1. Would you confirm whether or not region 36-57 contains a residue that is of a type in the set (Asp, Glu), more than 16 Å from the ligand (Cβ to nearest atom) and touching a Ser or Thr at 6+ places or on another chain (Cβ under 7 Å)?
2. Anything in region 199-223 that is within 12 Å of THR146 (Cβ to Cβ) and out of contact with any Lys or Arg (no Cβ under 7 Å at 6 or more places or on another chain)? List them, or say none.
3. So which of VAL21, VAL10 is touching a residue at least 12 places away in the same chain (Cβ under 8 Å) and within 16 Å of the ligand (Cβ to nearest atom)?
Amino acid sequence: ISSPKPTILVSEKLGEAGLRVLRDFGHVECLYDLSPDDLCSKISDCDALIVRSGTKVSRRVFEASNGRLKVVGRAGVGIDNVDLSAATEFGCLVVNAPTANTVAAAEHGIALLAAMARNVAQADASIKAGKWERNKYVGVSMVGKTLAIMGFGKVGSEVARRAKGLGMHVIAHDPYAAADRARGVGVELVSFDQAVSTADFISLHMPLTPTTSKLFNDDTFSKVKKGVRIINVARGGVIDEEALVRALDAGVVAQVGNYEEPPPKDSKLVQHENVIVTPHLGASTKEAQEGVAIEIAEAVVGALNGELSATA
Ligand code: MLT
C-alpha cells in the first residue's frame, strides 16, 4: 500500500516554478491570508509549511501540529519569524533558501543608497505635489565617500562590489568574516566603532538575533559622523526605532533608507521627511522570487524525503 502524498501548506505567495516542484511531490494548498488562529487549526493536517517573512511560525503552531509537521521552509534567508527552539523541541526541520535572493537584496540596497544620496523619493513626491524645488533637493555625491557595510555575508559583499563600482571607499565590520575574503573584494575589515565613526554611509546586513537586536541605539548614534546616511535592507529590529528618530531629528543621521517590517501604521520613522521606506521589497524581483521558490521547494521536498538535515 503506498503512503498518502504529503500535504504542503504554502502560506505566502510562492513562484509558479516552485509550486510545480511541490505539486509533483505532494498535495499543495496555497492559503495566503491565514490569521494566526486559522494557521493553528490548519496545521495539524500538514506535513510541511512554506512561509516568507509575513507568517509568524510561533511555538503555538508547532504545538497545534500535534507532531505531524515535519518541515518548515522559509522562502528567503532570514528565519527570525520561526521559533527555532520550538521547532527543535517538536522535531521539525527548518530549511531556508540561502542564495537565490542575494543579488536582489543587494540591488535594493544600492537603489536606496542612490535614491537617498540624490533625494529621488522626496523630489518625486514634491514635484507630484505641484512644486519645483531644485535648491531644496541638492544631493551628495557617492564617489569618494566611505561606505561601512555592517555584516559582510552574502548580501553585504554584493553591496560592497557594487559600491566599489560607484567609486566608494568600502569598509566592513563583521565578527565572523575572514579578512582574506574581504580583501578579495577590496574591502578592509574594521572594528564596529571604527566602521560607524568613519562612514559617510552605513549599510546594514546582519541577521536579527538577540545580539544584533537594537544594535543601532543611542550609544551607537553617539559615535557616528554627523550627517551619516543609513541604509537598512536587513531587519527593522536591528535599529532602535525611537533612538533613530531622535538622531534624525537632531541631524546626527541625515537620511535613512529603511526596509520596514509591517505594520508601519503611525510610525514617526516612516513619516519622517528624511526617511525613504519600502514594504520589505529587498527580495522582490521576478528573478529572485522564481529562484527562491525553486530553492525552497527543492529543500522542502528533500527534507520530506529524509535527504537532508536543517540548512537554516
Ligand atoms: C529574506 O530574509 O530573504 C527576505 O526577508 C525574503 C523575503 O522578502 O521574504
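1. Looking through region 36-57, at least one residue is of a type in the set (Asp, Glu), more than 16 Å from the ligand (Cβ to nearest atom) and touching a Ser or Thr at 6+ places or on another chain (Cβ under 7 Å).
2. Answer for region 199-223, where residues must be within 12 Å of THR146 (Cβ to Cβ) and out of contact with any Lys or Arg (no Cβ under 7 Å at 6 or more places or on another chain): ILE202, SER203.
3. VAL10
Yes or no, residue by residue, for (1) within 16 Å of the ligand (Cβ to nearest atom); (2) under 13 Å from the mean Cα position of the chain (by Cα); (3) surrounded by fewer than 16 Cβ atoms within 10 Å (Cβ to Cβ):
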residue	(1), (2), (3)
ASN101	yes, yes, no
ARG118	no, no, no
GLY130	no, no, yes
SER141	no, no, yes
GLY144	no, no, yes
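Where a number appears in this text, it was derived from the coordinates with a stated rule and is not lab data. As the structure is a computational prediction, the values presented were derived from the model and not from experiment. So basically every Cβ, Gly included, is an ideal-geometry build from the backbone, and we count neighbours across all protein chains shown.
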